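What follows is a single structure, written as structure tokens, with notes after it.
The values are calculated or read from the model by the stated rules, or taken from the named source; none is laboratory data. These figures come from a predicted structure and were not determined experimentally. No Cβ is skipped: glycine too gets one built from the backbone with ideal geometry, and neighbour counts run over all protein chains shown. Please note that ligands, DNA and RNA were not included when accessible areas were found on the heavy atoms of the full protein model with its side chains. Shrake-Rupley method; radii C 1.70, N 1.55, O 1.52, S 1.80 Å.
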Amino acid sequence: MADTLYDKEYVYEPLLAYDKIFKEEHHKNTTAFFDDLVKKSKINKEENKLTNKELVALDKKRNAVQKKINNQSALKGFLIFLLIVFVVITGISIYMWVDSGYHYIQPILIGVSVILFVLFLLLIIKKIKPKLAILKGEKTVLDKKYKETLELAWTQMAPLNDLFTYGQNTAIFRKTLPLIDLDKMFDSKRLDYMVAKFGLNSTPDLDRSALYVQSGDINGNPFYIARDLVHQLGTKTYTGSIVIHWTTVSTDSKGRARTVHHSQTLTAQVTKPCPYYHESPYIVYANEAAPDLIFSREDSNAEHMEEKEIDKFVKKQSKKLRKKQEKGLKTGSNYTVMGNTEFEVLFGGSNRNNEVQFRLLFTALAQKQLLQLMKDKKIGFGDNFDFRKHKMINVVFPEHLQSFDLNVSPSYFKDYNIDVIEKKFIDYNNGYFKAIYFGFAPILSIPLYQHQKPHEYIYKDKYNSYVSFYEHEQVANMMNETQFKHPLSKTRNILKTSTVKSGNHCDTVKVTAYGYDAIPRTDYISKMGGDGRMHMVPVNWVEYISVSQDTNVDINVLVEDKKPESYNEKIRAIFEKFQDRQVTTDDMVKVGPFIAYIASKTKDVI
């Protein structure tokens, strides 16, 4: 079964492949990676477990003692309250006795109050106070012991905690699924390739800033995963109100004048510009397949429907699509409903511009796999993705990436308890793999997107920076925003970068922070009142004034060991050797079945 779902170069039936292969495989790889970290750290797991067991026991003792302290303190407080009551009773009784003369009740009350006052006071002094002192002493000793044991537990885990770094999640991912080859950094070459070769729009968008980016390729086809902070200038409606009062005089049925008091709340509104911010995760995948095709689709929520509901929905929507097709014939549109109406309805994309290329991309197998993915209720996330294709650029918006942090700090895994650390590490990395995998699942479900290999691209000799501006923005956003924001800025800031200079494995970039000052304002709106007069209703609002500030930052680029050559790099190297007539048998092995294709094209190159 496994051999028919994944053969190291292609993923077949992505939904089943995750369920039958990758889920368990990644769990094993994550566990093995963690075990290697433990081995490398040379910590004693059993010793730490005993220490944490002692911590739990100490904490139980501390809580038990604290509960006794709370009970004794509550009793002491209640007795003090009673002492105050007895003092008040005694004072009132003495006053009444003196004021009204002799009465047998007052002396009795005074006597009882004094006796109880003395008894309760002695109880507090002789019993409760010493007991509280002993309990607090026990608590202090237990707190000290707990603190020392906790410090010991942290010390035991320090060698392991120090081994957590950025990039470990991608390393494990690559081991499980090398087909999705994740880069160590989104360099300028990768960005240039996507822009010049595939037509990616690289014009800086001042309304977006990369909070996270991870680039890579699938069989040489480049991609990047990003989470952007997005700014939108919208409007906000503010409301203000005043209460007015007036009187009128009326005559009742008996002819008598009667004054009537009235009140009314006058409300006014103003609408003013207001900035809004939200985070948007997405995947950009470049591929030469169907190079002229443009379409978009939104998720159908098929995973929330039962089969009967889907059938009913498909039947209803298919009638609308048939009418659209008939109307298109009259207006010159080439839109044609596909034979598989369930796919046509659930996947959508009826705004496509090229029927031939749409069908070339979405073959019967692609339709089957996408329907499996969209209708799934148990394995993945169902149909929770929007999809945009503009020629050779594909953008997927997986909803599940909204709730998963792809870039947690290494400090997230640090703890004093080996069991907690292990659970955090394994759960997070399993979740990371699932999130990324199902982000790509719509792309992997289209066979042509895996089989289509990119043609050769000649890189420029020199770039103005080591890494792309996406990496620069990610680094800037990971730093403290207050280092960049304008002193008057009172909103979130969009951080944009531009390269100042680059050299010696260091990019000097200018970080421009765009934000808003927020100034309270008041508008007065005229409103007619029930008293027949115009009233000025104050409406408080906030004026947002854009502010920006530039800051230069040096970003060091660590040049690590060269990773294995990507498909594209292998092809490029062979082209160069073809030009020099230096191709060897080893080179043929590197690209395997694709060498015939290369050889047939080299005549145009040589």
Self-check item: Evaluated over the range 411-502, the Cα radius of gyration and Dmax, each in Å
Solution: 20.4, 53
Quiz item: Which value results for Rg/Rh of the range 411-452 when Rg is the Cα radius of gyration and Rh the Kirkwood radius based on the inverse mean 1/r?
Solution: 1.30
Self-check item: Cleavage-rule hits (trypsin sites (Lys or Arg not before Pro)) in the range 417-465: DSSP loop, at most 11 neighbouring Cβ within 10 angstrom
Solution: LYS460, LYS462
Practice problem: Compute, for ASP59, the solvent-accessible surface of its heavy atoms (probe 1.4 Å) with the complete set of protein chains present, and express it in square angstrom to the nearest 10. | Solution: 50
Quiz item: Across the range 365-380, in residue order, what do the Karplus-derived ³J(HN,Hα) couplings come to in whole Hz, using 6.51 cos²θ - 1.76 cosθ + 1.60 with θ = phi - 60° and x for Gly and Pro?
Solution: 5, 4, 4, 4, 5, 5, 5, 4, 5, 6, 8, 5, 10, 10, 8, x
Quiz item: Cross-link list LYS377/LYS453; LYS323/LYS375; LYS391/LYS453; LYS42/LYS434; LYS320/LYS378; LYS189/LYS485: which exceed 21 angstrom alpha carbon to alpha carbon?
Solution: LYS377/LYS453; LYS323/LYS375; LYS42/LYS434; LYS320/LYS378; LYS189/LYS485
Exercise. For n ≥ 4 DSSP H runs only, could you compute -39500 (n - 2.57) per run for the chain, divide by its residues and tell me the 222 nm figure to the nearest 500?
Key: -14500 deg cm²/dmol
Quiz item: Per the Cauchy relation, a quarter of the hull surface: what is the mean projected area of the convex hull of the alpha carbons in the range 368-411, in nm²?
Solution: 4.9
Quiz item: Given the chain reduced to its alpha-carbon atoms as identical point scatterers, what log10 I(q)/I(0) does the Debye formula return at q = 0.05, 0.08, 0.12 Å⁻¹?
Solution: -0.43, -0.85, -1.30
Quiz item: Mean separation of Cα pairs under 8 Å and 6+ residues apart, divided by the residue count of the chain: what relative contact order is that in percent?
Solution: 16
Quiz item: What are the trypsin sites (Lys or Arg not before Pro) within the range 113-195 that DSSP puts in a loop, where the Cβ has at most 13 other Cβ atoms within 10 Å?
Solution: none
Quiz item: Can you list the HN-Hα couplings for the range 338-354, worked out from phi with the Karplus curve (6.51, -1.76, 1.60; θ = phi - 60°), rounded to whole Hz and with x for Gly and Pro?
Solution: 6, x, 8, 5, 4, 5, 4, 7, 6, 7, x, x, 6, 8, 5, 9, 8
Exercise. At most 11 other Cβ atoms within 10 Å plus a DSSP loop assignment makes a site exposed; report the longest stretch of the chain without any exposed GluC sites (Glu not before Pro).
Key: 1-305
Practice problem: Sequence neighbours fewer than 8 away in the same chain don't count; with that in mind, list the lysines whose C-alpha is under 22 Å from LYS45. | Solution: LYS28, LYS53, LYS145, LYS147, LYS414, LYS423, LYS424
Exercise. Note the angle between two axes, namely the Cα long axis of helix 129-161 and the longest principal axis of the Cα atoms of the chain, as a number of degrees from 0 to 90, rounded to the nearest 10.
Key: 10
Self-check item: Accessible area of the chain belonging to carbon and sulfur atoms, whole % at 1.4 Å probe
Solution: 55
Exercise. With all distinct Cα pairs included, what does the Kirkwood hydrodynamic radius of the range 52-91 come out to in Å, to one decimal, could you say?
Key: 12.2
Quiz item: When the Debye formula is applied to the Cα atoms of the range 457-505, each taken as the same point scatterer, what base-10 log of I(q)/I(0) results at q = 0.15, 0.21, 0.22 Å⁻¹?
Solution: -0.53, -0.83, -0.88
Exercise. Would you please state the base-10 log of I(q)/I(0) at q = 0.19 1/Å for the range 1-101, with intensities from the Debye formula using one equal scatterer on every alpha carbon?
Key: -0.99
Quiz item: TYR146: net charge of surrounding residues, Cβ under 11 Å, Lys/Arg +1, Asp/Glu -1, itself excluded?
Solution: +2
Quiz item: If you place +1 on the Cβ of every Lys and Arg, -1 on the Cβ of every Asp and Glu, and leave all else neutral, what size is the dipole of the chain about its Cα centre, to the nearest 20 Debye?
Solution: 2080
Practice problem: Loop sites only, by DSSP: take the chymotrypsin sites (Phe, Trp or Tyr not before Pro) in the chain that have at most 12 other C-beta atoms within 10 Å and name the longest stretch containing none of them. | Solution: 167-606
Quiz prompt | Cleavage-rule hits (trypsin sites (Lys or Arg not before Pro)) in the range 4-45: DSSP loop, at most 16 neighbouring Cβ within 10 angstrom | solution = LYS8, LYS42
Quiz prompt | Among HIS26, THR4, GLY111 - extreme Cα towards positive end, dipole of the chain, charges at beta-carbon | solution = GLY111
Self-check item: Tail beyond 23 Å, pair distance distribution of the range 156-278 (Cα, percent)
Solution: 65
Self-check item: At 1.567 mPa s and 4 °C, Stokes diffusion of the range 278-325 via Kirkwood alpha-carbon radius, µm² per second
Solution: 90
